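The values are calculated or read from the model by the stated rules, or taken from the named source; none is laboratory data. What you see is a predicted model, and the numbers here were worked out from it, not measured in a lab. Please note: Cβ atoms are built from the backbone with ideal geometry, for glycine as well, and neighbour counts cover all protein chains shown. Surface accessibility is based on the protein's heavy atoms, side chains included, excluding ligands, DNA and RNA. Shrake-Rupley method; radii C 1.70, N 1.55, O 1.52, S 1.80 Å.
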Amino acid sequence: MTPRITGRPAGRLRLVASGGERRPTLVLVAHGSRDPRALATVTALAERVREQRPGLAVRLGHIELNEPLLTDTLAAHASGRAVLAPLLLGRGLHVKRDIPAAVAAAPHLDVRATAPLGPHALLAEALHTRLVEAGWPPRPLGTAARRCHAVVLAAAGSRDPESAADTEAAAGLLAERLGVPVAPAYAAPTAACARTVPEAVTALAERGRTRTAVAAYFTAPGRFAAQSADAAPWIAAAPLGAHPALARLVLHRYDQACGAPAMAEQRRPTAV
């Protein structure tokens, strides 16, 4: 039996058991951006997911700024089951408020929502690839090089402390992979995510890090990614984009959601 999430007037979500053999539709939930490259990027990622899982119905919905909006995507899904996979890199208001609100507006569907993409080792793999594409040494650094290299992991920022914790965890995974310090920093600083990208660059320079790269911890191009790249003293990597590792991670989250056990009533969407 597969649990169902249905809307309630108070905004809570309730799971109810339902049957059926057909695989749930996968709905990729993008943030949305005024930058036209963002829509092209998430569309390409959706296509890569389809290539990796032929026969799986994959749809796209945006929280804001781009069409189709998530609410419209869910409204157009006449009936059946769906798994929402946020193309977001950490916990925050979009995950905790906006996506549950969209689910509550679609009581005709059986819905599960996965956790955001990050933090995860597959994201560290994709970040590493983007850094190498930008000019980071492709081979492991020697002892002398490790003393002068560093990375600033540039993220959007959030008022939610759990979002900052997720970015810090992602920085730790990338640091393990590269063998150099990785400092999290934010394009839109808040009380929870206070350090800006220029501040992080300066702090690393004061520690003797003369080769500091900026890694774009963004799913797609946009204003924050461009702003962060402008602060790079050396190289700046492109956003994660339609990297194959992101498609694998999306499908991993989807499979976890499809196999997760039933939840108690009146809980948030499944975080897997």
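List every residue pair whose Cβ atoms lie under 6 Å apart, where the two residues are 6 or more positions apart in sequence or sit on different chains, the first residue falls within the stretch 138-150 and is closer than 10 Å to T210 by Cα and in contact (Cβ under 8 Å) with a residue 24 or more places away in the chain, and the second residue, located anywhere, is part of a helix (DSSP H, G or I) and open to solvent by less than 70 Å² (accessible area, probe 1.4 Å).
Within 6 Å, the pairs are A150/L204.
Being in contact with a strand residue (DSSP E or B) (Cβ under 9 Å, 6 or more places away or on another chain), more than 23 Å from A215 (Cα to Cα) and open to solvent by 30 Å² or more (accessible area, probe 1.4 Å) narrows it down to one residue among G61, G80; which is it?
G80
In the stretch 92-123, how many residues are at pLDDT below 90 and surrounded by fewer than 24 Cβ atoms within 10 Å (Cβ to Cβ)? Steps first, answer last, please.
Of the stretch 92-123, the ones at pLDDT below 90 are 92-94.
Now restrict to residues that are surrounded by fewer than 24 Cβ atoms within 10 Å (Cβ to Cβ): 93-94.
Adding up the residues that qualify gives 2.
Every residue, every condition in (1) in contact with an Asp or Glu (Cβ under 6 Å, 6 or more places away or on another chain); (2) part of a strand (DSSP E or B); (3) among the small types (G, A, S), yes or no:
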{"residue": "A126", "(1), (2), (3)": "no, no, yes"}
{"residue": "L153", "(1), (2), (3)": "no, yes, no"}
{"residue": "T167", "(1), (2), (3)": "no, no, no"}
{"residue": "A170", "(1), (2), (3)": "no, no, yes"}
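Would it be correct to say that D72 is part of a strand (DSSP E or B) and out of contact with any helix residue (DSSP H, G or I) (no Cβ under 9 Å at 6 or more places or on another chain)?
no
Across the stretch 225-262, what is the total count of residues that are hydrophobic (A, V, I, L, M, F, W, C) and either over 17 Å from the mean Cα position of the chain (by Cα) or modelled with pLDDT under 95 (or both)?
Here the count works out to 11.
List the number of the failed condition for A238; all other conditions in (1) among the aliphatic types (A, V, I, L, M); (2) surrounded by fewer than 24 Cβ atoms within 10 Å (Cβ to Cβ); (3) without any contact (Cβ under 8 Å) to a residue 60 or more places away in the chain hold.
That leaves (3) as the condition not met.
Checking L56 against (1) surrounded by fewer than 16 Cβ atoms within 10 Å (Cβ to Cβ); (2) modelled with pLDDT of 95 or more; (3) not in a loop (DSSP other than H, G, I, E, B), which single condition isn't satisfied?
Every listed condition holds for L56 apart from (3).
Being modelled with pLDDT of 95 or more, touching a Leu at 6+ places or on another chain (Cβ under 9 Å) and of a type in the set (A, V, I, L, M) narrows it down to one residue among A185, A156; which is it?
A185
So which residues in the stretch 176-229 are assigned to a loop (DSSP other than H, G, I, E, B), of a type in the set (S, T, N, Q) and open to solvent by 30 Å² or more (accessible area, probe 1.4 Å), if there are any at all?
T190, T210
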